[in-house]
1. Would you be able to say whether some residue in the stretch 150-157 is in contact with a His (Cβ under 9 Å, 6 or more places away or on another chain) and more than 16 Å from ILE11 (Cα to Cα)?
2. For the stretch 167-203, which residues satisfy the criterion of being within 16 Å of the ligand (Cβ to nearest atom), part of a helix (DSSP H, G or I) and surrounded by fewer than 21 Cβ atoms within 10 Å (Cβ to Cβ)?
3. Tally the residues that are surrounded by fewer than 13 Cβ atoms within 10 Å (Cβ to Cβ) and without any contact (Cβ under 8 Å) to a residue 40 or more places away in the chain, restricting the search to the stretch 36-57.
4. Out of all the residues in the stretch 84-91, is one or more modelled with pLDDT under 95 and either closer than 30 Å to LEU141 by Cα or not in a loop (DSSP other than H, G, I, E, B) (or both)?
5. Would you mind stating whether TYR48 is of a type in the set (Ser, Thr, Tyr) and either under 21 Å from the mean Cα position of the chain (by Cα) or not assigned by TED's automatic domain parsing to the domain that holds GLY18 (or both)?
6. Please verify whether LEU141 is more than 16 Å from the ligand (Cβ to nearest atom) and either in a helix (DSSP H, G or I) or more than 23 Å from GLU99 (Cα to Cα) (or both), treating the condition exactly as stated.
7. Collect the residues in the stretch 110-147 that are farther than 20 Å from GLU201 by Cβ and at pLDDT 95 or above, keeping them in residue-number order.
8. Looking only at the stretch 204-221, which residues are within 16 Å of the ligand (Cβ to nearest atom) and of a type outside the set (A, V, I, L, M, F, W, C)?
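The values are calculated or read from the model by the stated rules, or taken from the named source; none is laboratory data. Bear in mind the structure is a predicted one, so any value in this text is a computation, not a measurement. When we count neighbours, we look across all protein chains shown, and the Cβ atoms used for this are built from the backbone with ideal geometry, even at glycine.
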Amino acid sequence: MKKEILDKGFIEVVDKLGSDLTVVNSARVSFGKRKTKFEEKDKILVQYLAENKHWSPFRHIIVQFHVKAPEFVMRQWYKHVVGIETSSSYPTKDHAWNEISGRYVPVQDFYYPAKWRKQSEDNKQASEGEIPEQETAHKILNDTMDYLNLQYNKLLELGVAKEQARIILPLNQFTEVYWTASFQAVMNFISLRDDSHAQWEIREYAIAMKEFMLELFPETTKIWLETIGK
Ligand SMILES: Cc1cc2nc3c(=O)[nH]c(=O)nc-3n(C[C@H](O)[C@H](O)[C@H](O)COP(=O)(O)OP(=O)(O)OC[C@H]3O[C@@H](n4cnc5c(N)ncnc54)[C@H](O)[C@@H]3O)c2cc1C
């Protein structure tokens, strides 16, 4: 399960723990019950749990993603820090993150947007429409990247360590991460990032993620989206 995003990025489901039955059985353990088949009446239970904020059963579903995204997208992603159930006494319940290291691997891929968006007039952090001078903006980026790539490679040729040479590289450099999070955390990410207020680039990842969740956990995801929101 993989989708290409932006010009060189992607999001892929590497692994998952659980199914639609996981939420139902995690809740029913309270009564010492376990089911082997998801039935119509289980939908009512899942809806009840979501509506009443009984969210811990949703944290037994875990998904591991492999993401390749520009650094400026990942900086927004890094802000999602709560997400994986560890144990009730564990002081932090954070996502599992691992990332490619620019100390080991030279940075090679950079994001070149297909279109340049216009600064929004009423929302300081947003964009709206496109600027008319597309070619000029493309040229500015192309020239900048040609220069920076040349200089970066010159530093490497001089024997400068990769960890230091990379300091001249911009935020459009692609990075790769493994991100493992609970169903609840993934849906929180989708609700915030598949939203008109979110930046277009991260929204593309959130939209793909939502499609994956609907495919992997169709009943749970559908009920969550209907009950808690997009
Ligand atoms: C459109 C948009 C614009 C943004 N702009 C900025 C910006 O300009 N600058 C900036 O720094 N960030 C910005 N953010 C990031 C934002 O502030 C959040 O850090 C980010 O969206 C992560 O959301 P979260 O806290 O729900 O996620 P998580 O950290 O994964 O938290 C998940 C949930 O856990 C609960 N939770 C987390 N921490 C606590 C806590 N300490 N106490 C109690 N409950 C907790 C909350 O219910 C939270 O929703 C922006 C986000 C969006 C979507």
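1. Scanning the stretch 150-157 turns up no residue that is in contact with a His (Cβ under 9 Å, 6 or more places away or on another chain) and more than 16 Å from ILE11 (Cα to Cα).
2. Listed by number, the residues that qualify are ASN188, SER191, LEU192, TRP200, GLU201, ARG203.
3. Here is the first cut: in the stretch 36-57, the residues surrounded by fewer than 13 Cβ atoms within 10 Å (Cβ to Cβ) are 36-37, 39-41, 44, 51-53.
Next, from what is left, pick out any that are without any contact (Cβ under 8 Å) to a residue 40 or more places away in the chain: 36-37, 39-41, 44, 52-53.
Count: 8.
4. no
5. So TYR48 fails the test.
6. The answer is yes for LEU141.
7. Answer for the stretch 110-147, where residues must be farther than 20 Å from GLU201 by Cβ and at pLDDT 95 or above: PRO132, GLU133, GLU135, THR136, LYS139, ASP143, ASP146, TYR147.
8. Hits for the stretch 204-221 are GLU204, TYR205, LYS210.
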